[in-house]
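Novice: One structure follows; several queries about it will come next.
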Amino acid sequence: MIPKTQASNHLALAENPPSPPLWVTELRQAIRDPLELCREVGLDPQTLDTPAEGLQAGHQLFQTLVPRPFIQRMQKGDPKDPLLLQVLPQSRETQHWPGFTQDPLEEASANPLPGLIHKYSSRVLLTLAGSCAVNCRYCFRRHFPYAENSLGQEALDRILDYLNRDSRINEVILSGGDPLATSDKRLASVVKKLESIPHLKRLRIHTRLPVVLPSRVDTRLLDWLSSGRLDKVMVIHINHPNEIDTSLEAALADLRGIGVTLFNQSVLLRGVNDDPEILAELSEKLFSLKVLPYYLHAFDPVEGAAHFALEDTAAQQLYQQLLARLPGYLVPRLVREFPDRPSKTPLGWSF
Ligand code: SF4
């Protein structure tokens, strides 16, 4: 028999179940329909380059997903808004271009176990989550077989065994999807197991979640990040200075406050940030928030996103202009990833 006080607690919980964290609620309220996204930003789909049928065609290939706090940073009524362009489906996504493939980085060949990508000798990547808080149209993993890489208990045990046996590995990168789309409880449980592997030193978290949903940086996440023996590095993903608002600034200040090392990586995207003024402004803003500009990724040729691609020569010219505007420590490294090389390849210094 349940004691009376416990029984009344159970009753109270049934009547008032604990509310989910704000970020979970905001994620549930994210826009998942391209026409609704147009309405939210005050655009008539019939006046766009991609009318309604095109929006739906792109959406069928890769679902629309955009949280409202990110939409609030868009310029209403502007079909060329650089944030909107990153998330609005396009009919062009249905076109096939030579050289653009579903797995541009050939990750399938560096996938020794489900949920694990091992490309570089000292670090591995865990696809902890099969989803994100935003679906970026240019994502090089937009076709990634997340279902085959889900990290159940058995898969995780095999990964832990793999890591235990290779003492060259000293860093684990949590990726996805977006690892912060996972609950704090699951994050804590996975990382606790990683901490038992003596040769691991660092935990790197690749995430766009604090950018598109700053409420993800809450007390529970900060408590978890402050605990444990592994050094924490967070690589956020911002492509355009308009993505930075006061709520993101506050989230980054909280992360800095507990000693998380913060870097940013951007993807060079035609029509979004292929302008040295924009990239320079982004670097300046990042630095003012104590986030170091780390990588500027040359576009990975993923099928469905060719309209974002820039020729390498154009990327290099833009990069030279960026170098002329900024001190070296504010210039992210322009890199391309080639499947068969032991590290990313710098493009910016080739002439
Ligand atoms: S958040 Fe990152 S992994 Fe997720 S869709 Fe965007 S680019 Fe891809």
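Novice: Being under 17 Å from residue 248 (Cβ atoms) and outside any loop (DSSP other than H, G, I, E, B) is the filter here, so list the residues in the range 65-90 that pass it.
Specialist: Selection gives 66, 68, 69, 70, 71, 82, 83, 86, 87.
Novice: Quick check on this structure: which one of 115, 152 is of a type in the set (Gly, Ala, Ser), over 30 Å from residue 310 (Cβ atoms) and touching a Ser or Thr at 6+ places or on another chain (Cβ under 9 Å)?
Specialist: 115
Novice: Does residue 125 meet the test of being surrounded by 20 or more Cβ atoms within 10 Å (Cβ to Cβ), within 16 Å of the ligand (Cβ to nearest atom), assigned by TED's automatic domain parsing to the domain that holds residue 301 and over 30 Å from residue 41 (Cα atoms)?
Specialist: In short, yes.
Novice: From the list 291, 272, 302, 267, pick out the single residue that is under 19 Å from the mean Cα position of the chain (by Cα) and over 24 Å from residue 244 (Cβ atoms). Walk me through how you get there before you give the answer.
Specialist: Numbers: 291 fails: over 24 Å from residue 244 (Cβ atoms); 272 fails: over 24 Å from residue 244 (Cβ atoms); 267 fails: over 24 Å from residue 244 (Cβ atoms).
Going through 291, 272, 302, 267 in turn, just one is under 19 Å from the mean Cα position of the chain (by Cα) and over 24 Å from residue 244 (Cβ atoms): 302.
Novice: Does the range 128-139 hold any residues that are hydrophobic (A, V, I, L, M, F, W, C) and surrounded by fewer than 21 Cβ atoms within 10 Å (Cβ to Cβ), and which are they? Working first, answer last.
Specialist: Pass one, the range 128-139, residues hydrophobic (A, V, I, L, M, F, W, C): 128-129, 132-134, 136, 139.
Across the range 128-139, the qualifying residue is only 139.
Novice: Okay, moving on. For the range 218-259, give me each residue that is without any contact (Cβ under 8 Å) to a residue 40 or more places away in the chain and among the basic types (Lys, Arg).
Specialist: 229, 232, 256
Novice: To continue, here is another question. Do we find that residue 346 is surrounded by fewer than 18 Cβ atoms within 10 Å (Cβ to Cβ), in contact with a Ser or Thr (Cβ under 9 Å, 6 or more places away or on another chain) and not hydrophobic (A, V, I, L, M, F, W, C) in this structure?
Specialist: So residue 346 does not fit the description; no.
Novice: Confirm whether residue 336 is basic (Lys, Arg), in contact (Cβ under 8 Å) with a residue 24 or more places away in the chain, surrounded by 15 or more Cβ atoms within 10 Å (Cβ to Cβ) and touching a Leu at 6+ places or on another chain (Cβ under 6 Å). Explain how you work it out, then say what you get.
Specialist: Details: basic (Lys, Arg): yes; in contact (Cβ under 8 Å) with a residue 24 or more places away in the chain: yes; surrounded by 15 or more Cβ atoms within 10 Å (Cβ to Cβ): yes; touching a Leu at 6+ places or on another chain (Cβ under 6 Å): yes.
So residue 336 fits the description; yes.
Novice: Checking the condition buried (at least 22 other Cβ atoms within 10 Å of the Cβ), away from the ligand (no atom under 15 Å from the Cβ), among the polar types (S, T, N, Q) and more than 23 Å from residue 137 (Cβ to Cβ), which residue from 247, 283 passes? Let's see the steps before the verdict.
Specialist: Values: 247 fails: buried (at least 22 other Cβ atoms within 10 Å of the Cβ).
Sole residue among the options that is buried (at least 22 other Cβ atoms within 10 Å of the Cβ), away from the ligand (no atom under 15 Å from the Cβ), among the polar types (S, T, N, Q) and more than 23 Å from residue 137 (Cβ to Cβ): 283.
Novice: Of the residues in the range 97-136, how many are touching an Asp or Glu at 6+ places or on another chain (Cβ under 7 Å) and farther than 30 Å from residue 165 by Cα?
Specialist: Qualifying residue count for the region: 5.
Novice: Count, please, the residues in the range 14-64 that happen to be part of a helix (DSSP H, G or I) and either hydrophobic (A, V, I, L, M, F, W, C) or touching a residue at least 24 places away in the same chain (Cβ under 8 Å) (or both).
Specialist: The number of residues fulfilling the criteria is 21.
Novice: Would you mind finding the one in 178, 184 that is in contact with a Cys (Cβ under 7 Å, 6 or more places away or on another chain) and of a type in the set (Asp, Glu)? Lay out the reasoning, then the answer.
Specialist: Details: 184 fails: in contact with a Cys (Cβ under 7 Å, 6 or more places away or on another chain).
After applying the criteria, what remains is 178.
Novice: Within the range 301-309, is there a residue that is modelled with pLDDT under 95, assigned by TED's automatic domain parsing to the domain that holds residue 144, in contact with a Pro (Cβ under 9 Å, 6 or more places away or on another chain) and closer than 27 Å to residue 216 by Cβ?
Specialist: Within the range 301-309, one or more residues are modelled with pLDDT under 95, assigned by TED's automatic domain parsing to the domain that holds residue 144, in contact with a Pro (Cβ under 9 Å, 6 or more places away or on another chain) and closer than 27 Å to residue 216 by Cβ.
Novice: When you look at residue 174, is it within 18 Å of residue 123 (Cβ to Cβ) and either crowded, with 24+ Cβ neighbours inside 10 Å or in the same structural domain as residue 257 (by TED's automatic domain parsing) (or both), yes or no? Explain how you work it out, then say what you get.
Specialist: Working: within 18 Å of residue 123 (Cβ to Cβ): yes; either crowded, with 24+ Cβ neighbours inside 10 Å or in the same structural domain as residue 257 (by TED's automatic domain parsing) (or both): yes.
Against the criterion (within 18 Å of residue 123 (Cβ to Cβ) and either crowded, with 24+ Cβ neighbours inside 10 Å or in the same structural domain as residue 257 (by TED's automatic domain parsing) (or both)), residue 174 qualifies.
Novice: Return the residues of the range 226-272 that are closer than 29 Å to residue 336 by Cα and small (Gly, Ala, Ser); say none if nothing qualifies.
Specialist: 266, 271
Novice: All but one of (1) surrounded by fewer than 21 Cβ atoms within 10 Å (Cβ to Cβ); (2) more than 10 Å from the ligand (Cβ to nearest atom); (3) touching a residue at least 12 places away in the same chain (Cβ under 8 Å) hold for residue 116; which doesn't?
Specialist: (1)
Novice: Taking the condition touching a Cys at 6+ places or on another chain (Cβ under 9 Å) and in the same structural domain as residue 302 (by TED's automatic domain parsing), does residue 259 pass?
Specialist: When the stated conditions are applied, residue 259 does not pass them.
Novice: Could you list, in sequence order, all residues of the range 138-162 that are in contact with a Leu (Cβ under 7 Å, 6 or more places away or on another chain) and either without any contact (Cβ under 8 Å) to a residue 40 or more places away in the chain or within 16 Å of the ligand (Cβ to nearest atom) (or both)?
Specialist: Passing the criteria: 138, 140, 151.
The values are calculated or read from the model by the stated rules, or taken from the named source; none is laboratory data. Predicted, not measured: the structure shown is a model, and the values here were computed from it. Cβ atoms come from the backbone with ideal geometry, glycine included; neighbour counts cover every protein chain shown.
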